[in-house]
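**Student:** The structure's right below; bear with me while I get my questions together.
The values are calculated or read from the model by the stated rules, or taken from the named source; none is laboratory data. Predicted, not measured: the structure shown is a model, and the values here were computed from it. Cβ placement follows ideal geometry from the backbone for every residue including glycine, while neighbour counts extend to all protein chains displayed. With ligands, DNA and RNA removed, areas are computed over all heavy atoms of the protein, side chains included. Shrake-Rupley method; radii C 1.70, N 1.55, O 1.52, S 1.80 Å.
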Amino acid sequence: MTPVPAEAAKNIKNAAGLTNKMETLFCSIGKDNPKASNDVFKKAAEIIKGGGLVAFPTETVYGLGANALDRTAVKKIYEAKGRPSDNPLIVHISSLPELKTAAKEISPKAEKLIDAFWPGPLTIIFKKNDIIPFETSGGLDTIAVRFPENPAARYFIRSCGLPIAAPSANTSGRPSPTSAKHVLSDLNGKIDMIIDGGSAKFGLESTIVSTVGDEITLLRPGSVTTGMLESVVGKIKIDKTILVKPDENLRPLAPGMKYKHYSPLCNITIVKGDRDKVIKAMAELAERAGEKGEKTGIITTAEDRAFFENRGFELLSLGRETSPETIGAGLLRVLRTCDDLHLSSAFIKAFPEEGIGLAIMNRLKKAAGYNIIEV
Ligand code: TXA
Ligand code: MG
């Protein structure tokens with residue numbers, strides 16, 4: 001398929017309400033056989049080699065890619081996203097030998113993690129090689145590397161023949177994009193191209209661990225859970241800010257986790273406690289907000305849905321509690337939908353903070369600005 005400017009893309013204003021400055025190519029590809037869309041990847045590689053920006057699908061969320069070795073190209077990522085320049089980027093590779101370009105030392109424990117989880121939704125932090133500019137590492141002497149499993153992501157990186165620096169392809173502060181449509185709504189007119197490869201499989205940003213120093217430290221929870229990591233390398237350290245609210249005295253080890261993140265404009269409230277009390281409280285809170293004239297939503301799992309039906313709230317479906325990965329896969333999309341529907345407030349239950357639930361609650365608490373009601 002030959003890349004063409006998206007019809008839909010032409011008149012959409014981006015999230016900041018700015019008028020488009022450049023034409024963004026929007027190209028859909030087959031989900032499992034990227035080779036069938038060879039022209040799209042050829043064009044994408046041309047753009048990357050020329051110092052431009054291409055958004056691409058991965059199994060976690062969409063990434064906004066640039067040549068990781070080109071400081072001028074990397075600066076454009078920060079501009080397009082409105083991202084603070086001290087927030088480092090992840091370098092994406094499509095084969096193991098490429099890791100040596102970015103990383104200076106690979107510890108035995110890091111080797112074990114690579115064997116167990118790459119390609120996949122795990123980002124590993126190493127000491128940075130000199131060839132990677134400080135613009136890519138946000139001024140740090142460490143570098144985060146990820147080897148995605150998504151075939152389109154790998155084909156894209158391979159076609160470029162370069163390590164690809166890529167943060168999530170959203171405007172800074174908005175929820176990460178799990179579809180190409182989300183990218184378009186944030187970055188249309190600000191980047192050169194979007195490769196549409198369908199919905200992201202996991203829908204949560206990658207797990208991040210640091211392997212610099214003696215211990216393995218978890219900096220961001222994700223679909224590779226603490227239990228999965230510990231079954232490979234033994235006990236790991238968990239950055240405290242994953243478990244408690246960060247503040248001036250307790251800063252996250254991943255610079256990006258200190259910013260108000262994953263957050264919709266809609267006020268999200270998390271309700272925590274026994275199931276029966278929680279659903280009753282959610283309905284009451286939504287009713288009260290509705291009486292004040294607020295447009296209110298309930299974010300519900302399949303298990304609780306019947307309780308909230310036909311009561312005048314906007315109902316947003318979020319997966320099934322018996323398969324927590326469906327909740328992970330839908331969470332960021334649902335947060336965006338709250339804004340698409342112009343809701344002023346929305347209520348959601350707390351999930352158990354174990355397994356993938358740790359990542360779900362980490363994103364949810366940030367989205368809610370730590371607004372949690374216990375019942
Ligand atoms: O799933 C993902 O990881 C997606 C896809 C596109 O790969 N990318 C992503 O990137 O979520 P980003 O930039 O939105 O989040 C990366 C996080 C930020 O919080 C950043 O501060 C942290 O990783 N980070 C990157 N390099 C780091 C480093 N050297 N040390 C500590 N934290 C680092
Ligand atoms: Mg991000």
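**Student:** To the nearest 20 Debye, how big is the dipole of segment 327-375 about its Cα centre, given +1 on the beta carbon of each Lys and Arg and -1 on that of each Asp and Glu? Could the numbers behind the result be given before it?
**Tutor:** Working: 6 positive and 5 negative charges, 25 e Å.
Computed charge dipole of segment 327-375: roughly 120 debye.
**Student:** If you don't mind, another one. What's the extension gain from GLU294 to LYS235 if we count 0.36 nm per residue and subtract their Cα-Cα distance?
**Tutor:** 16.6 nm
**Student:** Provide the packing ranking of 283-294, 357-368, i.e. peptides ordered by the mean count of other C-beta atoms within 10 Å per residue, highest first. Numbers along the way, then the final one.
**Tutor:** Numbers: 283-294: 14.4, 357-368: 22.5.
So the order, starting with the most tightly packed, is 357-368, 283-294.
**Student:** Putting +1 on Lys and Arg Cβ atoms and -1 on Asp and Glu Cβ atoms, find which of LEU331, PHE41, ILE356 reaches farthest to the positive end of the dipole of the chain.
**Tutor:** PHE41
**Student:** So, one more: Starting from the Cα of ASP130, move 7 Å in the Cα-to-Cβ direction to define the label point; list residues of segment 59-73 whose amide nitrogen is under 20 Å from there.
**Tutor:** Counting only backbone N, you get 68-72.
**Student:** Among ALA367, ALA346, ILE279, pick out the residue whose Cα is farthest towards the positive end of the charge dipole of segment 276-368, where Lys and Arg carry +1 and Asp and Glu carry -1 on C-beta, about the Cα centre.
**Tutor:** Among ALA367, ALA346, ILE279, the one farthest towards the positive end of the dipole of segment 276-368 is ALA367.
**Student:** Next question, about the same structure. In what order, largest first, do PHE202, PHE134 sit by accessible area if the probe radius is 1.4 Å?
**Tutor:** Result of the area sort, largest leading: PHE134, PHE202.
**Student:** Another question, if that's okay. Can you tell me which aspartates and glutamates have their Cα less than 12 Å from the Cα of LYS109? Leave out same-chain residues fewer than eight positions away.
**Tutor:** ASP214, GLU215, GLU230
**Student:** Please report, in cubic angstrom per residue, the volume enclosed by the convex hull of the alpha-carbon atoms of segment 107-209.
**Tutor:** So the per-residue hull volume is 127 Å³.
**Student:** Here's something else I'd like to know. How large is Rg/Rh for the chain, to two decimals, with Cα atoms and a Kirkwood Rh? Walk me through the numbers before you get to the answer.
**Tutor:** Working: Rg = 20.4 Å, Rh = 21.1 Å.
Using Cα coordinates only, the ratio equals 0.97.
**Student:** Tell me, how many Å apart are the Cα centres for segment 54-103 and for segment 325-375?
**Tutor:** Distance between centres, Cα-based: 27 Å.
**Student:** Which of the lysines could a cross-linker bridge to LYS280, judged by Cα under 18 Å and excluding same-chain residues fewer than eight apart?
**Tutor:** Output for LYS280: LYS272, LYS349.
**Student:** With each pseudo-label sitting 7 Å past Cα toward Cβ, what's the ASN371-LYS49 distance in nm, one decimal?
**Tutor:** Those two pseudo-labels are separated by 5.0 nm.
**Student:** Of the accessible area of the chain, with the probe set at 1.4 angstrom, what percent is carbon plus sulfur?
**Tutor:** Details: 8160 of 16070 Å².
Answer for the chain is 51 percent, counting heavy atoms of protein chains only.
**Student:** Turning to a different aspect of this structure: Anything over 23 Å Cα to Cα? Flag those among LYS42/LYS127; LYS240/LYS366; LYS75/LYS127; LYS240/LYS365, in the order listed. Working shown, then result.
**Tutor:** On the way: LYS42/LYS127 32 Å; LYS240/LYS366 15 Å; LYS75/LYS127 21 Å; LYS240/LYS365 14 Å.
Listed pairs above 23 Å: LYS42/LYS127.
**Student:** With everything on Cα atoms, drop me the angle between helix 151-160 and the longest principal axis of the chain, reported from 0 to 90° to the nearest 10.
**Tutor:** Tilt relative to the chain: about 30 degrees.
**Student:** To continue, here is another question. Could you state the accessible area per residue of segment 148-293 in Å², with a 1.4 Å probe and every protein chain left in place?
**Tutor:** 41 Å²
**Student:** Let me ask you something else. When the helices in the chain are scored as -39500 (n - 2.57) per DSSP H run of 4 or longer and the sum is shared across all residues, what 222 nm value do you end up with, to the nearest 500 deg cm²/dmol?
**Tutor:** On the way: 12 runs with 116 residues, N = 375.
Dividing the helical sum by the residues of the chain leaves -9000 deg cm²/dmol.
**Student:** Quick one: compute the contact order of the chain, relative version, from alpha carbon pairs under 8 angstrom and 6+ residues apart, as a percent. The partial results should precede the final answer.
**Tutor:** Working: 849 pairs, mean separation 68.5, N = 375.
This gives 18 percent for the chain.
**Student:** Which angle from 0 to 90°, rounded to the nearest 10, does the C-alpha axis of helix 275-291 make with the longest principal axis of the chain?
**Tutor:** That helix lies at roughly 80 degrees to the long axis.
**Student:** Let me ask you something else. Please give the charge dipole size of the chain, origin at the Cα centre, charges +1 on K and R Cβ atoms and -1 on D and E Cβ atoms. Round to the nearest 20 debye.
**Tutor:** 540 debye
**Student:** Every cysteine in the chain with no other Cys Cβ under 4.7 Å from its Cβ, please list them in numeric order.
**Tutor:** For the chain, the answer is CYS27, CYS160, because their Cβ atoms have no other cysteine Cβ under 4.7 Å.
**Student:** For LEU96 and LEU243, calculate 0.36 nm times their separation in residues minus their Cα-Cα distance, and state this gained length in nm to one decimal.
**Tutor:** Value of the extension gain: 49.7 nm.
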